[in-house]
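Read the structure below first, then the notes.
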Amino acid sequence: MADVKEKYRRTADDVQKVITLSKLDETELTEITQVLQFSPESDQTSHIKLLELDSHLLQAVKEGDSLTFRGSEEESVVLCSRNRTYDLQEAETSNSLLLVPDCKFSKETGSSAGTCRILQETTVKGVFYTYFEVSQCRPRLNKLHKVLASSAFNGKECESLVDQTTLYNWEKLVQEIQASEDELREALSSYLIVNINGYLRSLTFEYETHALSLMLDLIDENSWEMDEIDKEMSFSLLEELIPDSVFQVLFHAYAEPSGKTKENGESLFRYNEEKVCKFLAKVLLAASPVNKYDEFMEAWKIGTPDCMEPKDSWLGGIALIVFNTRKNVKEIISYPAADLPDGINQRFEELFKTKEKWTIEEITPYIFDLTTTKTNVNGLLTKYARSSMSNGIKYYSSKHCK
Amino acid sequence: MIIRIKKDGEDTNEWAIIELQGDLESRTNQSLNDQFIGDLHYTKTGTPILIVGHHILYGKEVSLDKPFAVLEKIHYNENDQVVDKSMSDSRTRTEYTVRAIVKKKLVFRVRPKPIIANVPKMV
């Protein structure tokens, strides 16, 4: 410690003295001693973050597969790999985490203690008390409809009314949505988003109604069997009315191969009865949100193609069947899951305000989008609801009331 | 908005974390920058021993279940040159670079033991 102005340099002698003082047996120690010191910039670490990685993310980092943070200022940030989305949360620890770039672990510090101690200066880059935790979550796709609503496709004749600046192409959409690119790409078809001239467009409810009705009308017009829907013929009959890309997306959203084939080997299709009926129920509910049960079921039956039979269990997620005690009638009331709040607590509060007791079948469509890889519907109900038995049926109700 | 996380070069460095209970403070309240902390030894059986001031700590080498990526935030101007944080404005682009991966840490969980010595000259 001759020169106090100079930085303190530790010598092998210093180290040895401390070993003796500490009553350590030097022959039991490996030969390299690391002299820890703070780096000259150890207080400037705000630009450095520790991010916890699971095995998938670790692999992605190793392969140089670009990870991204996504979100606008008013959203909580998510971390995305090419095909997964993660929630990001800052975690605090009361311990101090010293980040050490060139730290040697025991195996690298030699075995036998030679005659002299080898000193190695090891620098601590900084001290951390927080790090970022990740947990895989569903891609946040709720925003899709909102973002694309103003440029939604409402038929060729309305195209001149669409403000060109509101159109989204893939590059622009990717910037807005908190989802990995693979997940977003997959979501497009299930959200009925169509590529029209390079722009991604959602369909207006009116247009979807119109186009699907045209498609379904062909069944009765051509007296097709339920499982013998001819895709090519449907398309050529509607070519003038529905653009190609819109037809492709709509057709595959509502129809699936039936297993039968045409003479030329091309496969025939069948419309998914539940999906079609559900959509037609939405159309009815849009016109009239509250209905007497019998009247609604009758109207629904008339509205669907002859070969389909609507079932009231398909109303889950779009309407509730309730008994109106004042009027003494069973009613069907529009109650779309898409209109409910996104927060778990608010969602349950809203659900139990609307209806006190739910069976698991009834509530599932309203909370399914809140499930994660770790928590399923049952897990959510255990945590946020109370169960009770009545006449052998299990009901779920609010945790806090009555 | 998308902020990319890039990889730094071909290989990723492996860094370590030393986890201490509590905090390191300087006795004279000066900044810790550039200061000496202590000696880190290993016994032949692999136990890390850290001597800070007149305290001795026995620790353990632990593999992290979930490793850490060490990310560094970097600002670029419109010509792709790295700029200081204070210079960043709406035209600068922010990116993170993976500087290293931390897979193992040394944890010193037990209470430090005092070293009793007759000679108070040291440290």
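Can you find a residue in segment B:5-15 that is in a loop (DSSP other than H, G, I, E, B), in contact (Cβ under 8 Å) with a residue 40 or more places away in the chain and small (G, A, S)? No; the residues of segment B:5-15 include none that is in a loop (DSSP other than H, G, I, E, B), in contact (Cβ under 8 Å) with a residue 40 or more places away in the chain and small (G, A, S). If you go through segment A:280-331 and keep only what is small (G, A, S) and more than 30 Å from A:D227 (Cα to Cα), you end up with A:A287, A:S288. The residue that is nearest to the chain's Cα centre (by Cα), among those in segment A:248-276 that are of a type in the set (A, V, I, L, M, F, W, C) and within 16 Å of A:L218 (Cα to Cα), is A:L250. Quick one: which helices (runs of 4 or more DSSP H) sit completely within segment A:343-402 and have at least 3 residues that are under 28 Å from A:E75 (Cα atoms) and β-branched (V, I, T)? Output list reads A:360-367.
Given the structure, is B:L64 more than 7 Å from every other protein chain (Cβ to nearest Cβ), without any contact (Cβ under 8 Å) to a residue 60 or more places away in the chain, of a type outside the set (S, T, Y) and surrounded by fewer than 20 Cβ atoms within 10 Å (Cβ to Cβ)?
Details: more than 7 Å from every other protein chain (Cβ to nearest Cβ): yes; without any contact (Cβ under 8 Å) to a residue 60 or more places away in the chain: yes; of a type outside the set (S, T, Y): yes; surrounded by fewer than 20 Cβ atoms within 10 Å (Cβ to Cβ): yes.
Yes, satisfied.
B:V98 falls short on exactly one of the conditions (1) among the aliphatic types (A, V, I, L, M); (2) in contact (Cβ under 8 Å) with a residue 40 or more places away in the chain; (3) more than 7 Å from chain A (Cβ to nearest Cβ), and that condition is (3).
Candidates are the residues of segment A:292-326 that are under 30 Å from the mean Cα position of the chain (by Cα) and of a type in the set (G, A, S); the one that is surrounded by the most Cβ atoms within 10 Å (Cβ to Cβ) is A:A319.
Scanning segment A:91-111 for residues that are surrounded by fewer than 19 Cβ atoms within 10 Å (Cβ to Cβ), within 19 Å of A:F69 (Cβ to Cβ) and touching a residue at least 40 places away in the same chain (Cβ under 8 Å) turns up at least one hit.
Scanning segment A:153-184 for residues that are surrounded by 13 or more Cβ atoms within 10 Å (Cβ to Cβ) and hydroxyl-bearing (S, T, Y) yields A:T166, A:Y168, A:S180. Screening segment B:25-66 for strands (runs of 3 or more DSSP E) wholly inside it with 1 or more residues that are over 22 Å from A:P40 (Cβ atoms) and β-branched (V, I, T) returns the ranges B:48-52, B:55-58.
Residues in segment A:327-350 that are of a type outside the set (G, A, S), within 11 Å of A:I367 (Cα to Cα) and surrounded by 15 or more Cβ atoms within 10 Å (Cβ to Cβ): A:L340, A:R347, A:F348. If you go through segment A:56-75 one residue at a time, do you hit one that is in the same structural domain as A:G126 (by TED's automatic domain parsing), of a type in the set (K, R) and surrounded by 16 or more Cβ atoms within 10 Å (Cβ to Cβ)? Taking every residue of segment A:56-75 in turn, at least one turns out to be in the same structural domain as A:G126 (by TED's automatic domain parsing), of a type in the set (K, R) and surrounded by 16 or more Cβ atoms within 10 Å (Cβ to Cβ). Among residues of segment A:355-375 being among the β-branched types (V, I, T), modelled with pLDDT of 90 or more and surrounded by 14 or more Cβ atoms within 10 Å (Cβ to Cβ), the one that is farthest from A:H400 (Cα to Cα) is A:T364.
Tally time: how many residues in segment B:23-54 are of a type outside the set (V, I, T) and more than 20 Å from the chain's Cα centre (by Cα)?
Number satisfying all stated conditions: 5.
For segment A:307-322, a residue qualifies if it is within 17 Å of A:P289 (Cβ to Cβ) and not in a loop (DSSP other than H, G, I, E, B), and the qualifying residues are A:D312, A:L315, A:A319, A:L320, A:I321, A:V322.
Screening A:I242, A:I196 for residues that are touching a strand residue (DSSP E or B) at 6+ places or on another chain (Cβ under 8 Å), hydrophobic (A, V, I, L, M, F, W, C) and either in the same structural domain as A:L167 (by TED's automatic domain parsing) or touching a residue at least 12 places away in the same chain (Cβ under 8 Å) (or both) leaves exactly one candidate, A:I196.
Filtered by the rule that a residue be among the basic types (K, R) and within 22 Å of the chain's Cα centre (by Cα), segment A:347-377 gives A:R347, A:K374. Look through segment B:30-56, keep the residues that are more than 7 Å from chain A (Cβ to nearest Cβ) and farther than 16 Å from A:V100 by Cβ, and return whichever of them is modelled with the lowest pLDDT. The residue in question is B:Q30. Can you tell me which residues in segment A:327-342 are under 26 Å from the mean Cα position of the chain (by Cα) and part of a loop (DSSP other than H, G, I, E, B)? Answer for segment A:327-342, where residues must be under 26 Å from the mean Cα position of the chain (by Cα) and part of a loop (DSSP other than H, G, I, E, B): A:Y335, A:P336, A:L340, A:P341, A:D342.
The values are calculated or read from the model by the stated rules, or taken from the named source; none is laboratory data. Keep in mind that what you see is a predicted model, and the values were worked out from it rather than measured. Positions of Cβ are backbone-derived with ideal geometry, glycine not excepted, and every protein chain shown enters the neighbour counts.
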